[in-house]
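For reference, the structure is listed below as structure tokens.
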Amino acid sequence: MDDKSFGTEDNRGFWKPNQLIRYPKVFVWPPQIHSIAKWLPKYLFPWGVLYAGLALFVWTYLTPSVERLEKLSIDWVALIFLRNVGLIILIVGAQHYWLYRRRAQGTNFKFNRNWPDGVHPGFTFGTQLRDNLFWTFCFGIPIWTVWEVTTLWLYANGYVAGLDPSSNPIWFVCLWFFVPLLHEFHFFCVHRLIHWPPLYRNVHKVHHRNINPGPWSGISMHPFEHLIYFSGFLIYWIVPAHPLHFMHLSLMAGLSPAQGHTGFDRVVTGKTSALHLPYYAHYLHHRLFEVNYADGTIPLDKWFGSFHDGSPEADQALARRRRNLSTKNTAN
């Protein structure tokens, strides 16, 4: 499958899809039932069902029993840490190997045709890959694990309200459905916060070194950013839920950033087939910095004036905003 039928290269050699970024007509008034019905399958498949299924598997087979979680112990804490390490290596490592190590589809569907290879002084350890691995394994996974261990311990001891699916089946299903939306809303709020200049310079800049991101860039962040990024788990300290809901959010937060940072629009699966990765908006954020802070379902960027749909008109609008900001700063 060739990317020429799905997009074009601009005059700088960047590939972009022909279809502009569009929000689903879900968060509009009055409600459009037909639009919501068309959007639901895309919302659920493949990623929604995939992460829900993975959460069920991990909770059932790779998480200690509730009785064991009641008392903090180094053995089960270490088990969860090693499980998260294994999931990262398996899922993120597979994406990196296929797309960047083996380069199985070359630059087909790659937004930036260049490979993030070679030594660069902007990275802590010289190369993007070594830099990403350092921040992910030394800070990302441990901080993710601390948040997860704390939340599971609270559930096991009844310090946060649980939810019995047999007594509340409708709320159980509805809450599971809303997990990705809760994650997106929290991510947008945190993301805007760390683009505040003092926090950007001292914290978020570590992540934004990845102008040409790859899968390992996903949770390659400053440790303070890890702390507030995974703070989305706090919603389950307040809202009554089953640990499965929390596990769903935990796996999404820890693993899904990899697919959002692949740098590819599609993963080719056959001569005429490919798996679409709907993350062009986030790639534009890495390239342009001041646009597309959310993941693309809730139109938060549209509401707050930071939306970029990938069009030349959006490029011009961004250039005008930058000129106006520069003029304002000069005047001050």
Order of D75, D295, D315 under a 10 Å beta carbon neighbour criterion, fewest first: D75, D315, D295
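Chymotrypsin sites (Phe, Trp or Tyr not before Pro) within region 226-325: which are DSSP loop residues with at most 16 other Cβ atoms inside 10 Å?
F289, F304
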Distance in nm between pseudo-label sites at T272 and T124 (7 Å out along the Cβ direction from Cα): 4.8 nm
task: Would you mind checking the tilt of helix 33-44 against the longest principal axis of the Cα atoms of the chain, expressed as 0 to 90 degrees and rounded to 10?
output: 80 degrees
message: If amide hydrogens are placed 1.01 Å from N in the peptide plane, which non-local residues have theirs closer than 5 Å to the one on A274?
response: T269
- line: Sorted by chain and number, the residues with a modelled amide H under 5 Å from that of F125, at a separation of 5 or more or across chains, are D131
- request: Apply the Karplus parameterisation 6.51 cos²θ - 1.76 cosθ + 1.60, with θ equal to phi minus 60°, to every residue of region 133-148 and state each ³J(HN,Hα) to the nearest whole Hz, in sequence, with x for glycine and proline.
  value: 5, 4, 5, 6, 7, 7, 10, x, 5, x, 5, 4, 5, 4, 4, 5
statement: Phi-derived 3J(HN,Hα) across region 183-199 with the Karplus relation (6.51, -1.76, 1.60, θ = phi - 60°), rounded Hz, x for Gly and Pro, is 5, 5, 5, 5, 4, 4, 4, 5, 5, 4, 4, 7, 8, 4, x, x, 6
query: Counting Lys and Arg as +1 and Asp and Glu as -1, what is the net charge of the other residues whose Cβ lies under 14 Å from the Cβ of T63?
result: -2
task: Quick one: go through region 225-248 and flag any residue whose amide nitrogen is under 15 Å from the point 7 Å out along the Cα-to-Cβ line of V66.
output: 240-247
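Counting other C-beta atoms within 10 Å, and keeping those with at most 15, which DSSP coil chymotrypsin sites (Phe, Trp or Tyr not before Pro) do you find in region 141-187?
Sites meeting the loop and neighbour criteria: Y159.
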- line: Between H222 and residues 5 or more places away or on another chain, the pairs with built amide H atoms under 5 Å apart involve V206, H207
task: Place a +1 charge on the Cβ of each Lys and Arg in the chain and a -1 charge on the Cβ of each Asp and Glu, then give the dipole magnitude about the Cα centre in debye, rounded to the nearest 20.
output: 960 debye
message: Can you compute the label reach from A104? Point 7 Å from Cα along the Cβ direction, backbone N cut-off under 18 Å, restricted to region 202-228.
response: 214-216
- prompt: For region 1-137, what class follows from the C-alpha gyration tensor (a ≥ b ≥ c being the square roots of its eigenvalues): rounded when a/c is under 1.5, otherwise prolate if a/b is larger than b/c, else oblate?
  reply: oblate
query: By how many degrees, 0 to 90 and rounded to 10, does the Cα axis of helix 74-87 deviate from the longest principal axis of the chain?
result: 30 degrees
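Order 265-271, 118-124 from most to least packed using the mean count of other Cβ atoms within 10 Å.
In descending order of packing, they fall as 265-271, 118-124.
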field: Phi to ³J(HN,Hα) by Karplus 6.51 cos²θ - 1.76 cosθ + 1.60 over region 317-331, Hz, x for Gly, Pro
entry: 5, 5, 4, 5, 4, 5, 5, 5, 5, 4, 5, 5, 5, 5, 5
task: Would you work out which of P165, G126, L72 lies farthest towards the positive end of the dipole of the chain, given +1 charges on the beta-carbon of Lys and Arg and -1 on that of Asp and Glu, about the Cα centre?
output: G126
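No value in this document is a laboratory result; all are computed from the given coordinates. Predicted model, so just to flag it, every value in this text is computed and none were measured. Here the Cβ is made from the backbone with ideal geometry for all residues, glycine too, and neighbour counts use every protein chain on show.
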